[in-house]
1. Could you pull out every residue, at least 5 positions away or on a different chain, whose amide H is within less than 5 Å of the one on V21? Hs are placed 1.01 Å off N in the peptide plane, and Pro or chain starts have none.
2. Through the Karplus equation 6.51 cos²θ - 1.76 cosθ + 1.60, θ set to phi - 60°, convert the phi angles of the range 83-88 into ³J(HN,Hα) values in whole Hz; use x for Gly and Pro.
3. Which residues' amide hydrogens lie under 5 Å from the amide hydrogen of D87, considering only partners 5 or more residues apart or on another chain, with H built in the peptide plane?
4. Taking θ = phi - 60°, what integer Hz values does the Karplus form 6.51 cos²θ - 1.76 cosθ + 1.60 yield along the range 29-46, in sequence order, with x for Gly and Pro?
5. Which whole-Hz couplings ³J(HN,Hα) result when phi for each residue of the range 91-105 is put into the Karplus expression 6.51 cos²θ - 1.76 cosθ + 1.60, θ = phi - 60°, listed in order with x for Gly and Pro?
6. May I ask which residue of G22, I90, S78 lies farthest towards the positive end of the charge dipole of the range 20-100, with charges of +1 (Lys, Arg) and -1 (Asp, Glu) on Cβ and the Cα centre as origin?
7. Please arrange K84, K147 by how many other C-beta atoms lie within 10 Å of their C-beta, fewest to most.
8. Taking neighbour counts of Cβ atoms within 10 Å as a proxy for exposure, in what order, fewest first, do V203, V210, V155 appear?
Amino acid sequence: MSTDPEQVAVAALRLSDPVQVGPHRLLGRLGGGGMGVVYLGDGPLGRVAIKIIRSELADNPSFRIRFQREPQACFRVSGRHTAKLLDFDITAEPPWLAMEFLAAPTLGQHLTRHGALGEADQVRLAAGLADALVSIHAAGLIHRDLKLSNVMWTVSGPIVIDFGVAAVRDAGQLTATGTLIGTPAWLAPEQITAGKVEVASDVFAWGALVGYGATGQPPYGEGPRPTR
């Protein structure tokens, strides 16, 4: 596990939160997003980051079918700049994923605290993210939600996390849930206008993140989520 002096904040569990997921005891909340809530867990694998999928998605039959395929593909991702998938249960109610826990700030948190990256760190960011995408795409996946909060800034460089919304390439209708998945400021035009997800979509997000790291600004602002 890569660590960083800027430790990640862990919020207390809420009364409505589970206290156990599979063999993992939940210790607190790490964050959340459109796909679900991420918790800090502890168990046989040590400290892990556990994402519990939102019931609205878990109850969608097409999402369930896709979710059955993608964790297996995630196990094939083995790059130096990607977090490892360690455990999952697609039959649980709701389903969950356990990934390597990184005690480090997100790229967004680091930039908020320290401002735009210097030249050397810009190179580390660009090269590290490119290496991560090569590993992800080689495993037959498309990340499709590459953004500031899905990149951890560690002493070893950037680490891409959260394959919970990854799309298996060439999966056809199995990848379609009828929902625009992703974050508007980082979505490629074809994702917004046609719902089309391909390797080039991740490359667009790569460019947006590298540009943000250098300037502190997203390429096209952070407007409202588009509707289709």
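1. L26
2. 6, 8, 7, 10, 6, 6
3. Amide H to amide H, under 5 Å and 5 or more residues apart or across chains, D87 pairs with A98.
4. In residue order, the calculated couplings are 9, 9, x, x, x, x, 8, x, 9, 9, 10, 8, x, 9, x, x, 9, x Hz.
5. For the range 91-105, the Karplus-derived couplings read 9, 5, 10, x, x, 8, 10, 10, 10, 3, 8, 10, 7, 7, x Hz, x marking Gly and Pro.
6. Looking along the dipole axis, the top candidate is S78.
7. Fewest-to-most ranking of K84, K147: K84, K147.
8. V155, V203, V210
Every read-out reported here was derived from the displayed coordinates using simple, explicitly stated rules and does not represent laboratory data. This one's a predicted model, so the numbers in the text were calculated from it and none came from an experiment. As a convention, Cβ positions derive from the backbone with ideal geometry for all residues, glycine included, and neighbour counts pool all protein chains shown.
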